[in-house]
Amino acid sequence: MARGPRVCVLLLAGGSGRRAGRSKLFVRAAGRSLLYHACRPFLATREVGGLVVVVPRGRGPAVTEELDDMGARRILAVVRGGATRHESSRAGLAALPPSCRVVLIHDAARPFATPALIRRVIRGATEHGACVPAVRVKDATVRVEASGDLDAYLDRSALRALQTPQGFRREVLESAFAAAPVDDHADDAGLVLAAGGRVHLVEGEETNGKITTAEELREAVARIEARWRKETP
């Protein structure tokens, strides 16, 4: 087997940020982009051997320059993503080194993952083949009719909200992509399920929320800047 990193991360930053009103991952917080902050917990996790960062067209040079000072040897590549999450994941997967055996795929719009969460996903993926962090659903959840009227309440005890990073043994993920050439799944765990695989759940983190709206973006920037002030002497 080739020498090199065994656990690698695909950090997906190819989205347009339409619901936030702008390209949110390149908004600055504490003098750095949100993408930079999303990389930090993975580089703080010793089990992670390298990152492939997937970015929109035209962003590669600027992202490469910004990431150069945060452990450049573990930034394996900065590659251009596609029009969909499926295409971006494929682009990142193609850039992984032969040595990589466990792949984590993370939405860069979740910049608050922790090393503890990352390690849980790595362990789960290694043991089970596919692993996703999830949190319990707190609010009442319902099914809605086509008219918009409430149809039925759903049992919250059987529901979870999924997060990232999602983790996979490489052969499991590659097999799922090979079996599903059409972009018709919400995420990579959905591909594995569609290919007949099983996905193990581990405990997620309530603080690992995804930035979607303009208000969430403002709150994330404030949170990062407050944390940065505490960390900086």
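Starting at the first residue of the range 99-106, write each ³J(HN,Hα) from the Karplus equation 6.51 cos²θ - 1.76 cosθ + 1.60 with θ = phi - 60°, in whole Hz, x for Gly and Pro.
5, 5, 10, 10, 10, 9, 10, 10
Give the longest segment of the chain that steers clear of GluC sites (Glu not before Pro) in DSSP loops with at most 16 neighbouring Cβ atoms within 10 Å, not counting the sites themselves.
Details: sites that count: Glu47, Glu145, Glu205, Glu206.
My reading of the result: 48-144 is the longest stretch.
Kyte-Doolittle mean at least -1.0 and Cα extent at least 15 Å along the axis: which DSSP H helices of the chain qualify? Display every interim value, and only then the final one.
Details: long enough: 115-128 (19 Å, -0.16); 214-231 (26 Å, -1.14).
The answer, listed by residue number, is 115-128.
In sequence order, what are the phi-derived ³J(HN,Hα) couplings for the range 204-212 according to the Karplus relation 6.51 cos²θ - 1.76 cosθ + 1.60 with θ = phi - 60°, rounded to whole Hz, with x for glycine and proline?
Calculated HN-Hα couplings, in order: x, 10, 4, 7, 8, x, 9, 7, 10 Hz.
Check Ile75: other-chain or 5+ apart residues with amide H under 5 Å from its amide H, H built from backbone geometry?
Under 5 Å from the amide H of Ile75 lie the amide H atoms of Leu51, each far enough along the sequence or on another chain.
Hey, if you put +1 on the Cβ of every Lys and Arg and -1 on every Asp and Glu Cβ in the chain, which of Val199, Trp228, Val79 ends up farthest toward the positive end of that dipole?
Trp228
Shape call for the range 148-233 from the C-alpha gyration tensor, a ≥ b ≥ c root eigenvalues: rounded (a/c under 1.5), prolate (a/b greater than b/c) or oblate? Before the final figure, lay out each step's value.
On the way: a/c = 2.25, a/b = 1.44, b/c = 1.56.
Oblate shape, in that a/c is at least 1.5 and b/c is the bigger or equal ratio.
For the range 137-143, in order, what is each residue's ³J(HN,Hα) by Karplus, 6.51 cos²θ - 1.76 cosθ + 1.60 with θ = phi - 60°, in whole Hz (x at glycine and Pro)?
7, 8, 7, 4, 10, 10, 9
Which loop-located trypsin sites (Lys or Arg not before Pro) does the range 105-171 contain, where loop means any DSSP state but H, G, I, E or B and the Cβ has at most 11 other Cβ atoms within 10 Å? Before the final figure, lay out each step's value.
Details: sites: Arg119, Arg120, Arg123, Arg136, Lys138, Arg143, Arg156, Arg160, Arg169, Arg170; in loops: Lys138.
Those satisfying the criteria are Lys138.
Add -39500 (n - 2.57) for each DSSP H run of 4 or more in the chain, then divide by its residues: what number comes out at 222 nm, to the nearest 500 deg cm²/dmol? Can you show the working numbers first?
Working: 7 runs with 77 residues, N = 233.
Rounded to the nearest 500, it is -10000 deg cm²/dmol.
Sort all Cα-Cα distances of the range 96-206 into consecutive 10 angstrom bins from zero, then give the percent of pairs in each bin up to the one containing the longest distance.
14, 38, 32, 14, 3, 0
Taking amide H positions as placed in the peptide plane 1.01 Å from N, state which residues far from His200 in sequence (5 or more) or on other chains have amide H under 5 Å from it.
For His200, the qualifying residues are Ala130, Cys131, Val132.
As a test of understanding, state the convex hull volume per residue of the range 27-153 from its alpha carbons, in Å³. Walk me through the numbers on the way to the answer.
Details: hull volume 22.6 nm³, N = 127.
Hull volume over Cα atoms, normalised by residue count, gives 178 Å³.
Just Ser88, Ser175, Ser147 to compare: in a GNM of the chain, with alpha carbon springs under 10 Å, which one fluctuates most?
Ser147
Taking amide H atoms as placed 1.01 Å from N in the peptide plane, list the residues 5 or more away in sequence, or in a different chain, whose amide H sits under 5 Å from that of Thr212.
Amide H neighbours of Thr212: Leu217.
FYI, it's all coordinate maths here, none of it is from the lab. Remember, it's a predicted structure, so these values are computed and weren't measured experimentally. Please note: Cβ atoms are built from the backbone with ideal geometry, for glycine as well, and neighbour counts cover all protein chains shown.
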